[in-house]
Amino acid sequence: MFGALNPDSIAWKVAERAHEEGATLTLTNTAVAMRMGETQKLAEKLGTIAISADATNVGDLSNLFLKSIEYLGGKIDFILHSIGMSPNVRKERHYSDLDYNYLNKTLDISAVSFHKVLQTARKLDAINEWGSVVALSYVAAQRTFYGYNDMADAKALLESIGRSFGYIYGRERRVRINTISQSPTITTAGSGVKGFDRLLDFAERMSPLGNATAEDCAEYCITLFSDLTRRVTMQNLFNDGGFSSMGMSLLALQQYEKGLHKDCDCGEEGEQEHDLE
Ligand SMILES: NC(=O)c1ccc[n+]([C@@H]2O[C@H](COP(=O)([O-])OP(=O)(O)OC[C@H]3O[C@@H](n4cnc5c(N)ncnc54)[C@H](O)[C@@H]3O)[C@@H](O)[C@H]2O)c1
């Protein structure tokens, strides 16, 4: 399980839920995250180990798989890739003024790392036949969302890697690969997105079933790890309360109408031009 930083992390909930279902698993995160975050605490709670690895580093990933196989006493049945980070978002670089070194980092950490995980696992033959790999995505891969910045491009690439590798790994070793496109969720990574609280509220009003929580996402992951979904592969699956199929809902329309009777409080004019695209 990649990406459990603290109890808000989606990966944290997935690890807890998988443990509840009787899975044995290992946790991993970057060395910095392991120092600053609570990955180790979760490992103790679940009676397992946390192995540090930077998911952009193939050497780290090889070591991670070998140690995991040794600890687990056999090959792996399921993997969760729950990794995302954009230095452009962090440093508030506008999408029309990206720092390209940052963009390379965004793509490497948030998308290419998925390829590195899959390629390393395949070379080591680390995953059992009928194993399952899931990565977490967001609907900004298909449609434009204000403030999501270069993470939208990273998610589009992530989903494409899932399909491309899904073909190879499925055909050769019957390993399935899917992405789950999750509702906005309050976590460390999520809260970094500009206007996140309003995005969360908008998505809640737009979704007939309401936003999917991290716990909901964990349950969906378990179905994909289980043998009950053996021939589901190369899919991007929405766990979003219906948001991705909506155009306008009554609840969102009512909220919008309230705003129409007030002057827009959108900041200075210059800022508006730059910001309100
Ligand atoms: N929170 C949301 O609104 C939301 C919505 C849809 C999809 N997602 C996706 O869910 C996934 C998990 O994010 P989260 O919301 O739980 O936030 P989070 O901040 O708890 O998790 C992100 C994790 O990525 C790890 N990470 C960063 N760089 C890494 C690297 N080089 N190698 C290994 N790990 C690294 C971090 O240490 C952290 O544990 C991400 O892919 C995110 O884009 C989140």
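Hey, could you check the stretch 103-116 for residues that are more than 9 Å from the ligand (Cβ to nearest atom) and among the polar types (S, T, N, Q) and say which is farthest from the chain's Cα centre (by Cα)? Filtering the stretch 103-116 for residues that are more than 9 Å from the ligand (Cβ to nearest atom) and among the polar types (S, T, N, Q), the one farthest from the chain's Cα centre (by Cα) comes out as 104.
Answer with yes or no whether residue 189 is at pLDDT below 95 and hydrophobic (A, V, I, L, M, F, W, C).
Yes, satisfied.
Do we have any residue at all in the stretch 117-129 that's within 10 Å of the ligand (Cβ to nearest atom), touching a helix residue (DSSP H, G or I) at 6+ places or on another chain (Cβ under 8 Å), modelled with pLDDT of 95 or more and not aliphatic (A, V, I, L, M)?
No, because not a single residue in the stretch 117-129 is within 10 Å of the ligand (Cβ to nearest atom), touching a helix residue (DSSP H, G or I) at 6+ places or on another chain (Cβ under 8 Å), modelled with pLDDT of 95 or more and not aliphatic (A, V, I, L, M).
Of all the residues that make up the stretch 232-255, how many are assigned to a loop (DSSP other than H, G, I, E, B) and polar (S, T, N, Q)?
Counting residues in the stretch 232-255 that are assigned to a loop (DSSP other than H, G, I, E, B) and polar (S, T, N, Q) gives 3.
Step by step: first the residues of the stretch 84-100, then only those that are without any contact (Cβ under 8 Å) to a residue 40 or more places away in the chain and closer than 20 Å to residue 188 by Cα, then the one that is farthest from the chain's Cα centre (by Cα). Which residue is that? Of everything passing the filter in the stretch 84-100, 91 is farthest from the chain's Cα centre (by Cα). Of 83, 51, 10, all but one fail to be in contact with a strand residue (DSSP E or B) (Cβ under 9 Å, 6 or more places away or on another chain), farther than 25 Å from residue 223 by Cα and not hydroxyl-bearing (Ser, Thr, Tyr); the exception is 51.
Looking at the structure I just gave you, is residue 58 in contact with a Lys or Arg (Cβ under 6 Å, 6 or more places away or on another chain) and among the β-branched types (Val, Ile, Thr)? Taking the combined requirement at face value, the residue satisfies it. The set of residues in the stretch 5-23 that are over 21 Å from residue 126 (Cα atoms) and within 11 Å of the ligand (Cβ to nearest atom) comprises 5, 6, 7, 8, 9, 10, 12, 13. Of the residues making up the stretch 1-23, those that are among the charged types (D, E, K, R) and in a loop (DSSP other than H, G, I, E, B) are 8, 21.
The set of residues in the stretch 1-31 that are aliphatic (A, V, I, L, M), in contact (Cβ under 8 Å) with a residue 60 or more places away in the chain and surrounded by fewer than 20 Cβ atoms within 10 Å (Cβ to Cβ) contains only 23.
In this structure, is residue 111 assigned to a helix (DSSP H, G or I), surrounded by fewer than 22 Cβ atoms within 10 Å (Cβ to Cβ) and not charged (D, E, K, R)? So residue 111 fails the test. Of the residues making up the stretch 142-190, those that are loosely packed, with under 15 Cβ neighbours inside 10 Å, within 20 Å of residue 243 (Cβ to Cβ) and among the basic types (Lys, Arg) number 1.
The values are calculated or read from the model by the stated rules, or taken from the named source; none is laboratory data. Note that the structure is a prediction, hence the values are computed from the model and not measured. Note: ideal-geometry Cβ built from the backbone for every residue, glycine included; neighbour counts use all protein chains shown.
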